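Working notes for the structure below.
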Amino acid sequence: MTRVPAVLLVDQDPQARFELKQLVKQAQLTLAGAAALGTEAVSLAAETAPDVIVCGIGVPQERALQTIGALLDTRPDTPIVAYGWHSDVETMRAAMLTGARDFLVMPVQAERLHESIMAVLESEEQKRQRQTGQAAKLGPRGLVISLFGAKGGVGKSTVATNMGVALSALMGQSVVLIDADTGFGDVAAMLDLKPRRTIIDLLRDIDNVDRDSVSDYLTCHASGLWVLPAPRGTLQWRSVAPDGVRKIIDLLARRFDLVLVDSAGALSDISLAVLEEANMVLWITSPDFSSIHNSLLGFETLRELSYPEGRIRLVLNATTPQDGIRPIKIEEVLVRPLFWLVPYDQRLRLGTQIGWPLVLSSATSPGARSIVQLARAIAGSGPKPTPKPATSPWRWLLKRAPSQRPTTALEGRS
């Protein structure tokens, strides 16, 4: 994972600097230092070379804006996040025109500060690639979506195969599905494919393969979905390095509009590499205690590694007809809203067992309709619909209570 960013805090008020220090600590970022406005801030920025500068704008705002300009004169490649205590449009506009990359309205949660800093750093890296011509040389890159679950049995591969087929067959998208499950990857079997080559073959030849010849290592499903299968034996994964997986994802992203990666149900080195490369992570969980508990631990681990959690979308897959833990409680415990609900549908799993995904064999079933709607939302082919569960155990999802501050342990299982 990327190293933890070092943050320089700039504010004229000592009390505000103290409070921001605590916020940086809560956001699990590194504190490069803290300074008042003016020459003190500019000197400390030159001395500490922070990754990002967070600067407060008070009233009057002229001194803070002048300091932002001086900081950018000294360190033009260091992004600045401004903040203030009022959501005044003119103040925000003045800060952005001076050169700030983002504006936060105080008080702000540690998670929001962390998200803002990681976003501006990523944007700065993309800007650097454009300026050096690296982005143009590599060509356009498709959207990379990782499907991850913190334990087995949550239906991650079932969602991945059905969504890939829906995107290809029903929406005409250019899609490849990479089976990067280092346990027992079974995407090829779920799609009834007999591949000649696997990810191991592509890794062996990766330095001699380009976007035009990479199709020789893939297997095409009848739906139009291309698949890069996992190796036939799990021991073969021992020869796979995370950098090799990154190269494969980048190569396929230069060839396809959408790259789906079915990753392992654990935060291994390869899974972390997949998450780093992903533009979006569909975090699949089922409504049982162990799945929610493992997801909580997984989110805490990613937070410690400074992973940009804004990429994560929580998907609840009802794998059993029982209610399980209620969605509102899941949101409270995991401190994030549900992005999607896949209702219980026994035929979803059956479809993968016979090698014919449900989105093709029974497109009107509740599970298939939900995944097709999810695929449409991901592809941006229209406004995101509200997925309404058709099975009675989930009817209470439509009666959402206001979210409360989450607890640190699972309570009230029902």
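Table: residues versus (1) of a type in the set (Val, Ile, Thr); (2) surrounded by 18 or more Cβ atoms within 10 Å (Cβ to Cβ); (3) part of a helix (DSSP H, G or I).
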position: 207; (1), (2), (3): no, no, yes
position: 249; (1), (2), (3): yes, yes, yes
position: 256; (1), (2), (3): no, yes, no
position: 261; (1), (2), (3): yes, yes, no
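Being more than 30 Å from residue 335 (Cβ to Cβ) and modelled with pLDDT of 90 or more is a property that residue 187 has.
Checking the stated criteria, residue 52 turns out not to satisfy the condition of being under 17 Å from residue 109 (Cα atoms) and either surrounded by 19 or more Cβ atoms within 10 Å (Cβ to Cβ) or touching a strand residue (DSSP E or B) at 6+ places or on another chain (Cβ under 6 Å) (or both).
Select from region 168-184 the residues that are in contact with an Asp or Glu (Cβ under 9 Å, 6 or more places away or on another chain) and surrounded by 24 or more Cβ atoms within 10 Å (Cβ to Cβ) and list them in ascending order. The answer is 175, 177, 178, 179, 180, 181. Checked against the criterion of being closer than 23 Å to residue 312 by Cβ and out of contact with any Ser or Thr (no Cβ under 8 Å at 6 or more places or on another chain), the candidates 361, 370 yield just one match: 370.
May I ask you to verify whether residue 82 is touching a Phe, Trp or Tyr at 6+ places or on another chain (Cβ under 6 Å), in the same structural domain as residue 119 (by TED's automatic domain parsing) and either not basic (Lys, Arg) or not in a loop (DSSP other than H, G, I, E, B) (or both)? When the stated conditions are applied, residue 82 passes them.
Within the option set 195, 231, being under 23 Å from residue 272 (Cα atoms), of a type outside the set (Gly, Ala, Ser) and in the same structural domain as residue 360 (by TED's automatic domain parsing) holds for one residue only, 231.
Just give me the residues in region 63-79 being touching a helix residue (DSSP H, G or I) at 6+ places or on another chain (Cβ under 9 Å) and part of a helix (DSSP H, G or I), in sequence order.
Scanning region 63-79 gives 64, 65, 66, 67, 68, 69, 70, 71, 72, 73, 74.
For region 272-291, name all the residues that are part of a helix (DSSP H, G or I), in contact with a helix residue (DSSP H, G or I) (Cβ under 6 Å, 6 or more places away or on another chain) and in contact (Cβ under 8 Å) with a residue 60 or more places away in the chain. Listed by number, the list holds a single entry, 277. Among the residues of region 51-59, at least one is in contact with a Lys or Arg (Cβ under 8 Å, 6 or more places away or on another chain), at pLDDT 90 or above and closer than 20 Å to residue 119 by Cα.
Among the residues of region 216-247, those identified as modelled with pLDDT of 90 or more, over 23 Å from the mean Cα position of the chain (by Cα) and surrounded by 15 or more Cβ atoms within 10 Å (Cβ to Cβ) are 217, 218, 219, 221, 223, 224.
One line per residue, one yes/no per condition, for (1) under 30 Å from residue 169 (Cβ atoms); (2) surrounded by 20 or more Cβ atoms within 10 Å (Cβ to Cβ); (3) outside the structural domain of residue 376 (by TED's automatic domain parsing):
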{"site": "285", "(1), (2), (3)": "yes, yes, no"}
{"site": "301", "(1), (2), (3)": "no, no, no"}
{"site": "313", "(1), (2), (3)": "yes, no, no"}
{"site": "320", "(1), (2), (3)": "yes, no, no"}
{"site": "346", "(1), (2), (3)": "yes, no, no"}
{"site": "349", "(1), (2), (3)": "yes, no, no"}
{"site": "355", "(1), (2), (3)": "yes, no, no"}
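Screening residue 123 on (1) surrounded by fewer than 15 Cβ atoms within 10 Å (Cβ to Cβ); (2) over 18 Å from residue 371 (Cα atoms); (3) over 18 Å from the mean Cα position of the chain (by Cα); (4) modelled with pLDDT under 85 shows it passes everything except condition (3). Among the residues of region 29-47, those that are more than 30 Å from the chain's Cα centre (by Cα) and either hydrophobic (A, V, I, L, M, F, W, C) or loosely packed, with under 14 Cβ neighbours inside 10 Å (or both) comprise 34, 35, 36, 37, 39, 41, 42, 43, 44, 45, 46, 47.
Residues being in contact with a strand residue (DSSP E or B) (Cβ under 8 Å, 6 or more places away or on another chain) and under 23 Å from residue 305 (Cα atoms) are represented in region 80-96 by at least one member.
The values are calculated or read from the model by the stated rules, or taken from the named source; none is laboratory data. This is a predicted model, so every value here is computed, not measured. Glycine gets a Cβ as well: all are built from the backbone with ideal geometry, and neighbour counts include every protein chain shown.
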